[in-house]
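Chemist: Attaching a single structure in structure tokens format; questions to follow.
The values are calculated or read from the model by the stated rules, or taken from the named source; none is laboratory data. Computed from a prediction, not measured in an experiment: that's the story for all the values here. Every residue, glycine as well, gets a Cβ built from its backbone with ideal geometry; the counts of neighbours run over all protein chains shown. Side chains included, ligands, DNA and RNA excluded: accessible areas come from the protein's heavy atoms. Shrake-Rupley method; radii C 1.70, N 1.55, O 1.52, S 1.80 Å.
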Amino acid sequence: MANSYQDYTATSDQVANGFSFSFPYLSDNSGVALLDVYVQGVKLATSAYTISTSPKKIVIDSGSVAVGNAVKIVRNSSTTEPLVDFVNGSVLTETDLDRGYQHGFYLSQEASEGTAGELLSKKGLTHYDAEGNKIINVADPDTGQDVATRHFVETLYDTTFDLTPTDRDIFDYGFIDGGADASYSYGTLS
């Protein structure tokens, strides 16, 4: 289970009564909770939901979420300013020390989990893992080992093999046999 976010597929009970979550979070120096809420991958304005602390849950305003929507509640600790600023000669309190430590600890959890999809993580230190999510807004490749987008591949097939949209609908994509004299092998009829 993740330490800094929770994913849901909204049920009618959650839409009506809120989304419970269990991970801890901090507030910034003006008292605003360091949490973000996403519905269908779109970050909601803080005015579109309320946070209940007992029990911990997010209640999203009517009309902002529907049954079946993907909802993600994310701890989003501040990376731009420290939450505690110690001053020479000041009294060090347990509360300030704990808050400073928690801020750093929460940031490390969020970084390792790629909270809200900001990061791809290396699982087992060998391969990046998108955890079942699409990688979007990728540029077309320009060197041999670049990732190719679906649009780039479809355009290449259409240009190289003079496929019409109907041809693409009839045949599976098949495969390209690599090498200097690459050849395309059609799949089977659908």
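Chemist: Step through the residues of region 137-144 one at a time and calculate ³J(HN,Hα) from phi using the Karplus curve (6.51 cos²θ - 1.76 cosθ + 1.60, θ = phi - 60°), rounding each to whole Hz and writing x for Gly and Pro.
Modeler: Coupling constants for region 137-144: 6, 8, 6, 5, x, 9, 9, x Hz.
Chemist: Then there's this: First select every other residue whose beta carbon is under 13 angstrom from the beta carbon of V42; then total the charges, Lys and Arg +1, Asp and Glu -1.
Modeler: +1
Chemist: Within 10 Å of each candidate Cβ there may be at most 15 other Cβ atoms; applying that plus a DSSP loop requirement, which trypsin sites (Lys or Arg not before Pro) in region 16-118 survive?
Modeler: Sparse-neighbourhood loop trypsin sites (Lys or Arg not before Pro): none present.
Chemist: Next question. Would you mind counting up the charge near T93? Only other residues with Cβ under 15 Å from its Cβ, with Lys and Arg at +1 and Asp and Glu at -1.
Modeler: -3
Chemist: Less than 15 Å Cβ to Cβ from A16, Lys/Arg counted +1 and Asp/Glu -1: what total charge do the surrounding residues give?
Modeler: -1
Chemist: At a Förster radius of 45 Å, what calculated FRET efficiency corresponds to the Cβ-Cβ distance of T149 and A111, to the nearest 0.05?
Modeler: That gives a FRET efficiency of 0.95.
Chemist: If r is the Cβ-Cβ distance from L92 to S12 and R0 is 41 Å, what FRET efficiency results, to the nearest 0.05?
Modeler: 0.25
Chemist: So, one more: Which sequence of V39, V67 reflects their accessible areas, 1.4 Å probe, from the largest down?
Modeler: V67, V39
Chemist: Given the protein chains as shown and a 1.4 Å probe, how many square angstrom of I58 are accessible, to the nearest 10?
Modeler: For I58, the solvent-accessible surface is approximately 0 Å².
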